[in-house]
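Pasting a structure here, questions to come.
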Amino acid sequence: MRLPSIHWDNVIQKLPWFLLPIVFSMLVWMGKRVIDVQNILDLYHSGGAIEKLDSVIKGSEAFLNDTLVCISLLGIVFLLLYIFLFATKRRYENRIDFLRTGHNRYKFLAEGPLSIGILRLDCASGRIVDANTGALRLFGFSRAQVVGKKVSNFLKEESVKDMERVFKNIVEGKKFFEVSCSIVNAIGEVRDIDFHVAVTGGTIEDSYGAIGKEAIAILTDVTEKRVAEEEKLKNERLRGVLEMAGGAAHELNQPLQVVLGYASLISARLDENHPLKEKAEKLRSEVERLSEIGKKIASISDYAVRDYVGNTKIIDINRASKKVKRVG
């Protein structure tokens with residue numbers, strides 16, 4: 001947008017100077033006329049000539065008085081014109097500054113990257129004054145549905161207090177804030193957004209004429225980043241579980257095989273009517289069960305937990321391990 005250019009300083013600075021020669025010339029001419037009349041009066045100091053000269057002098061004096069009045073009025077007119085031009089210059093400069101500021105802000109909003117949302121905010125009310133295309137995409141609403149609404153209207157309930165705290169701190173004089181909030185877009189999807197809010201020093205006038213501080217909020221969608229971080233944490237936990245499971249299964253397997261061998265040998269050597277036969281079979285069965293648990297621990301491939309006593313959680317071995325297909 002190209003703004004018009006007028007050299008007001010040249011106009012205002014030169015305006016009084018080109019009037020001075022005109023006024024000075026008029027004064028010299030009138031003064032010379034009075035001197036000429038006075039010389040005639042000295043030369044013809046007698047009778048009717050004196051009366052005639054007195055009449056001429058009175059006419060010159062009247063002309064001089066009228067001329068001085070005209071010059072005074074002309075000076076007042078040009079003084080008022082000078083004041084008018086000076087005031088017009090100030091209004092014009094203020095208007096240019098306003099247009100340039102508005103243009104820069106509009107350009108800032110319009111040309112911002114689509115991956116980043118930008119909001120102009122009224123610090124006093126917390127309302128959205130303007131939004132770029134990136135912000136509208138994050139919310140999933142049109143400009144008419146966003147502008148004029150409070151930021152809190154688009155937040156999850158648990159994030160409203162965090163945003164209200166930001167505007168409270170702005171009112172108290174702080175200039176820059178960062179806060180993470182969860183918004184609910186037009187289709188009901190929850191997105192994690194980082195708000196970077198900065199007070200610009202500009203002002204915003206609402207429809208009632210009230211003036212408030214302006215703030216710019218940069219919105220960054222970090223939903224995928226949070227999901228990736230959670231997935232990374234889950235994988236780290238799983239890796240720890242797998243390492244623990246592999247080590248435990250390896251350490252348990254060998255002694256269990258020894259115990260299972262002895263239990264099977266004892267059970268085989270006892271008669272069916274022997275009082276320890278049942279206990280030997282029970283021992284062999286439990287050792288086999290421990291061996292199966294060891295195999296499940298060794299085959300853990302996912303992270304799964306279940307509730308346990310004392311409001312704690314433990315690894316759910318059955319869900320975390322692979323299903324072992326039986327052949328036969």
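The values are calculated or read from the model by the stated rules, or taken from the named source; none is laboratory data. Source: prediction; values computed, not measured. Here Cβ is always computed from backbone atoms with ideal geometry, including for glycine, and neighbour counts include all displayed protein chains.
With respect to ASP194, is the statement that it is of a type in the set (D, E, K, R), in a strand (DSSP E or B) and surrounded by fewer than 19 Cβ atoms within 10 Å (Cβ to Cβ) true?
Against the criterion (of a type in the set (D, E, K, R), in a strand (DSSP E or B) and surrounded by fewer than 19 Cβ atoms within 10 Å (Cβ to Cβ)), ASP194 qualifies.
Another one. Quick one: would you say LEU260 is at pLDDT below 80, crowded, with 16+ Cβ neighbours inside 10 Å, farther than 30 Å from VAL147 by Cα and out of contact with any Pro (no Cβ under 7 Å at 6 or more places or on another chain)?
Considered against the rule, which asks whether it is at pLDDT below 80, crowded, with 16+ Cβ neighbours inside 10 Å, farther than 30 Å from VAL147 by Cα and out of contact with any Pro (no Cβ under 7 Å at 6 or more places or on another chain), LEU260 comes out as no.
So, one more: Could you list, ordered by first residue, the pairs with Cβ atoms under 6 Å in which the first is in segment 210-235 and more than 20 Å from ILE118 (Cβ to Cβ) and the second is crowded, with 16+ Cβ neighbours inside 10 Å and not hydrophobic (A, V, I, L, M, F, W, C), at least 6 apart or interchain?
Here the result reads ARG226/ASP192; LYS234/TYR303, each pair linking segment 210-235 to a residue that is crowded, with 16+ Cβ neighbours inside 10 Å and not hydrophobic (A, V, I, L, M, F, W, C).
Got a sec? Which of THR203, THR223 is modelled with pLDDT under 85 and touching a Lys or Arg at 6+ places or on another chain (Cβ under 7 Å)?
None of the other options fit; the residue is THR203.
Assess whether ALA245 counts as being more than 16 Å from ILE317 (Cα to Cα), part of a helix (DSSP H, G or I) and in the same structural domain as VAL305 (by TED's automatic domain parsing).
no
Moving on. Given the residues LEU265, LEU252, which is the only one that is surrounded by fewer than 13 Cβ atoms within 10 Å (Cβ to Cβ) and modelled with pLDDT of 75 or more?
On the way: LEU252 fails: surrounded by fewer than 13 Cβ atoms within 10 Å (Cβ to Cβ).
Within the list LEU265, LEU252, the selection yields LEU265.
When segment 170-191 is examined, which residues are found to be part of a helix (DSSP H, G or I) and surrounded by 14 or more Cβ atoms within 10 Å (Cβ to Cβ)?
Keep residues of segment 170-191 that are part of a helix (DSSP H, G or I), which gives 170-171.
Result: ILE170, single match.
Let me ask something else about it. What number of residues within segment 138-157 satisfy the criterion of being of a type outside the set (A, V, I, L, M), part of a helix (DSSP H, G or I) and farther than 19 Å from VAL197 by Cα?
3
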